[in-house]
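Have a look at the structure below before the remarks.
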Amino acid sequence: MTNMHEKSISELAAGLRNGDYSSVELTRAYLARIERLDSGLNSYITVDAERALSQAGAADRMLRDGAASPLAGIPIAHKDIFCTQGVRTSCGSRMLDNFISPYDATVVTRFKEAGAVMLGKTNMDEFAMGSSNETSFYGPVRNPWDRARVPGGSSGGSAAAVAARLCAGATGTDTGGSIRQPAALCGISGLKPTYGRVSRYGMIAFASSLDQAGPMARSAEDAALMLGVMAGFDPRDSTSVHQPVPDYGAGLDGDIGGLRIGLPREFFAEGLDAKVAASIEAAIGEFRKLGAEVVEISLPNNHLSVPAYYVVAPAECSSNLARFDGVRFGHRCQGPKDLEDLYKRSRAEGFGMEVKRRILIGTYALSAGYFDAYYLKAQQIRQLIASDFRRAFEQVDLIAAPATPGMAFAIGEKIDDPVTMYLSDIYTIAVNLAGLPGMSIPVGPANGLPVGLQLIGNYFDEGRLLNAAHRFQQATDWHLAAPADID
Ligand code: GLN
């Protein structure tokens, strides 16, 4: 019973049903770890012990009545971008520091209905804009593998909390890499589903045509169990897709002999850290041993993904963030002289630097006279990128590549150089522009720091990603490695 926090979601689900421990005991154990360890990591913005224990009590009753969901009684955390009724939902921003959501996001509702316990809300880059978790109003998150380093972003709090065993699993969102990149830098398994697979209702919008929620967990198996709860059509999100949700857990054990894996030549070129490259190559060797057939492919327009993204994402964010005007909710300046002063000062005080930079870029790109040169052009490039993938998936079943060009970097190293920071997403962004599913699984540590292998699938082929990742994790134990100074 002492090492409950070491167990996977599926092991915990079995333990709860066996009566080895109750959800209340499990929740207490996690809350005690957060209390003891999170001051050194800052992975949570809000911890709600009372609510968690009452949800755990209810889950114990559900379990006694034969609850079906594997998530019943399991303590998880939500990225603070998901609206949670009655609980502060800050989105990592001063703008929403005082915002208590009157409703739950669909993802939150689904976990509640499954009987999962919410320990709290995790830290994140402000409005999910960042790759290091340093843009949070609540301060940076520290990487549990090395506290002088970033955990990645924007779902850095979720990644650090899962890696440090401060929750059994967590939700994240990924607009340009924010699930896969922090999963890679913290040594966990994180999946960004196909655009439309998971409802965006109640998930505070950054760039609506790119945003997608997904699971962050210790293993592909746990991610599969979580995705099964999250995925599915939602009438409240007009971009959510009417497609049946497969039983992801049941598909995990399928044979991957003969699976065709493509390695995009452009991802193994200049800019890739040699240690990351070596770990990725070793992992590809494992897939070969499992019977996969590995071929080289090309994604010739990948170098255009970062520039195209930094037009589309800011354009959409400038429109989405217009609602934060100091009038209906969120931060309001003191003693405004008139309406214009209210807007200007509330926004100037409520938003941080990176968010302001994006709003300015986006407003510029959408303005009359520049729209065709920037926004329209970026949308055309997006089509080129999507057709690169379409061609690739005529040849292969899955694409394998590094998730990030390097390992976790030092806090402060890139924060004053936005272009270098933006380039840390060079391997993840194209997947969002094309709307495809992608996953990062640990294939390190190398020199004490995690490395992530990215697997990219065709539309709605999350099951195949999870199957390949699970078979790999059955044959190897990189996913079991834990940060040394976290007991
Ligand atoms: N790092 C990228 C950005 O800053 C992606 C963020 C995300 O996926 N939310 O926009």
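For the stretch 286-334, taking Cα atoms only, Rg and Dmax work out to 22.0, 65 Å respectively.
The spacing between the stretch 260-319 and the stretch 447-487, judged by their C-alpha centroids, is 16 Å. Here the label points at residue 17 and residue 49, each 7 Å from Cα along the C-beta direction, are separated by 3.2 nm in the simple model.
Compactness of the stretch 49-146 was expressed as the Cα radius of gyration divided by 2.2 N^0.38 Å, which yields 1.19. Ranked for footprinting exposure by Cβ neighbours inside 10 Å, fewest first, 465, 63, 191 give 63, 465, 191. Take the Cβ atoms of residue 484 and residue 281, set R0 to 25 Å, and the FRET efficiency comes out at 0.50. A Förster distance of 35 Å, applied to the separation of the beta-carbon atoms of residue 148 and residue 243, puts the FRET efficiency at 0.20. Fewest-first ordering of 436, 53 by other beta carbons within 10 Å of each residue's beta carbon gives 53, 436. In this label model, residue 233 and residue 268 are separated by 4.2 nm, measuring between points 7 Å along each Cα→Cβ vector. Return the subset of 79/337; 192/356; 121/337; 112/414; 192/275; 275/377 for which the Cα-Cα distance in this structure is over 31 Å, preserving the input order. From 79/337; 192/356; 121/337; 112/414; 192/275; 275/377, over 31 Å: 79/337; 121/337; 112/414; 275/377.
Quick one: what do you get for the chain if you divide its Cα Rg by 2.2 N^0.38 Å?
Working: Rg = 21.1 Å, N = 487, 2.2 N^0.38 = 23.1 Å.
In units of the globular-protein estimate, the chain measures up at 0.91.
Calculated translational diffusion coefficient of the stretch 124-221 (37 °C, 0.692 mPa s; Stokes-Einstein with Kirkwood radius over alpha-carbon pairs) equals 255 µm²/s. Taking every alpha-carbon pair in the stretch 186-340 and binning the separations at 5 Å intervals from zero gives 1, 7, 10, 12, 15, 17, 14, 9, 5, 3, 3, 2, 1, 0, 0 percent. Note that the stretch 407-470 shows a convex hull volume over its alpha carbon atoms of 87 Å³ per residue.
Look at where the Cα atoms of the stretch 4-56 and of the stretch 130-162 average out, and the two centres are 21 Å apart.
Sort 413, 296 so the one with the fewest other Cβ atoms within 10 Å of its own Cβ comes first.
Values: 413 16, 296 11.
In increasing order of surrounding Cβ atoms, one gets 296, 413.
The numbers here are math on the coordinates, done by the rules we state, and not lab data. Quick caveat: nothing in here was measured; it's all calculated off a predicted structure. Heads up, the Cβs are rebuilt from the backbone with ideal geometry, glycines too, and the neighbour counts pull from every protein chain shown.
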